[in-house]
Amino acid sequence: MSVEIVFVMVGTTHTGNLGAAARAMKTMGFTQMRLVDACSHLSAEALARSSGANDVLKEAQTFDSLQAAIADCRVVVGTSARARQLAVPLLSCREIAEELGAASKTNLSGQKVAIVFGQERSGLSNESLDLCTRLLRIPCNPDFSSLNLGSAVQVVSYELSQALVSVPQGAPVPQPGKWKGTDGGEDAAPISADPDDLPATSEGMEHFFEHLDRVMVTTGFLDPENPRLLRRRVRRYFESNRPSGSELAIFRGILSSVENPRKRK
C-alpha cells in the first residue's frame, strides 16, 4: 500500500485552472482533490478543461479553511516558489517525491499526505505555510519562473507518480527517505504500525499548539501583546519535526503538569 495523496487547492480564482489541475492529477493516477475558498469547480469551463477528468471535479471536497482540509493528514507539503523566513525544510518536487516513495514502505503506508497549492497570483500565505511540515519548489528558470496552476500540478503529480508508481511504468526503486521510520530497504514490505506511532495529524497538532500557547502566556514566557516571531518559530520547529501521536501525548501531559502541578510524596 502506498501513501494516500490529496491535492489541496487554496483560493483558486480561475475556474479553468481547477479543470486543468484535475486533468493533470488523473493522468498521473491521482483523484483526490480538496478545495478551500476556491472558485466554482463545476462550471462549464472547468469541466471542459478537465478533458474527461470530470469525476475528480465532481467528487472534490470543499472546506471553509485549510486547517479543516488537512485535519486528517499526517504530512502536509506546501508549494512555494521562494524560500521563506523561518521556513520548514524546502525541497525540490523530486526530493519530496523520493521521501514519500520511501515513506510508502514504512509506517506512513496508507496515511494521507496533503500537497497544497496556493492562489495563482500570490501563492500560499505565511499563515498557510505555518501549517505545513515541508515546502516544495519546482526548479525552473530563475529569470522566468512562471508556471500556471495546471502546469505546476502536472509537474508535481508526475514526480509523485514516478516515486509511488501510481501509473504502470518501470519506475526506479525509491531511495531512502528522511521521515522517521524509513528504513530504505528496497524489498521492505509496508510496516503496519500502531496509530500512536504515526506522525500526529494536523488536527492533533493544532490542539497541541493551542495548549502550548496557553501555557506560554500563563507562565509569562509569551507576551500576547508583543509575541514577535516566537509563535511562528515554535510552530515551525514542531512542524519540521512533527512528533508521533504518542510523543504528542507526552508533550501535552507535560503542559498539563505545568498548568496543574502535583507534589509527589
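The values are calculated or read from the model by the stated rules, or taken from the named source; none is laboratory data. This is a predicted model, so every value here is computed, not measured. Backbone-built Cβ (ideal geometry, glycine too); neighbour counts: all protein chains shown. Surface accessibility is based on the protein's heavy atoms, side chains included, excluding ligands, DNA and RNA. Shrake-Rupley method; radii C 1.70, N 1.55, O 1.52, S 1.80 Å.
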Of all the residues that make up the stretch 30-42, how many are modelled with pLDDT under 95 and open to solvent by less than 70 Å² (accessible area, probe 1.4 Å)?
4
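Provide a single number: the residues in the stretch 241-256 that are outside any loop (DSSP other than H, G, I, E, B) and either charged (D, E, K, R) or open to solvent by 60 Å² or more (accessible area, probe 1.4 Å) (or both). Break it down into steps so the answer makes sense when it comes.
The first filter runs over the stretch 241-256 and keeps only residues outside any loop (DSSP other than H, G, I, E, B), leaving 244-256.
Now restrict to residues that are either charged (D, E, K, R) or open to solvent by 60 Å² or more (accessible area, probe 1.4 Å) (or both): 247, 249-252, 254.
Within the stretch 241-256, residues that are outside any loop (DSSP other than H, G, I, E, B) and either charged (D, E, K, R) or open to solvent by 60 Å² or more (accessible area, probe 1.4 Å) (or both) number 6.
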Among the listed residues 113, 88, 76, which satisfies the condition of being in contact (Cβ under 8 Å) with a residue 60 or more places away in the chain, assigned to a strand (DSSP E or B) and either within 17 Å of residue 236 (Cβ to Cβ) or touching a His at 6+ places or on another chain (Cβ under 7 Å) (or both)?
76
Within the stretch 14-69, the count of residues that are more than 15 Å from residue 157 (Cβ to Cβ), part of a loop (DSSP other than H, G, I, E, B) and touching a Gly at 6+ places or on another chain (Cβ under 7 Å) comes to 2
When restricted to 208, 238, 221, the only residue open to solvent by 20 Å² or more (accessible area, probe 1.4 Å), assigned to a helix (DSSP H, G or I) and either closer than 22 Å to residue 103 by Cβ or not hydroxyl-bearing (Ser, Thr, Tyr) (or both) is 238
Among the residues of the stretch 86-96, write down those that are surrounded by fewer than 24 Cβ atoms within 10 Å (Cβ to Cβ) and closer than 17 Å to residue 161 by Cβ.
92, 93, 94, 95
Look at residue 56 and say whether it is within 25 Å of residue 230 (Cα to Cα), touching a helix residue (DSSP H, G or I) at 6+ places or on another chain (Cβ under 9 Å), hydrophobic (A, V, I, L, M, F, W, C) and crowded, with 21+ Cβ neighbours inside 10 Å.
no
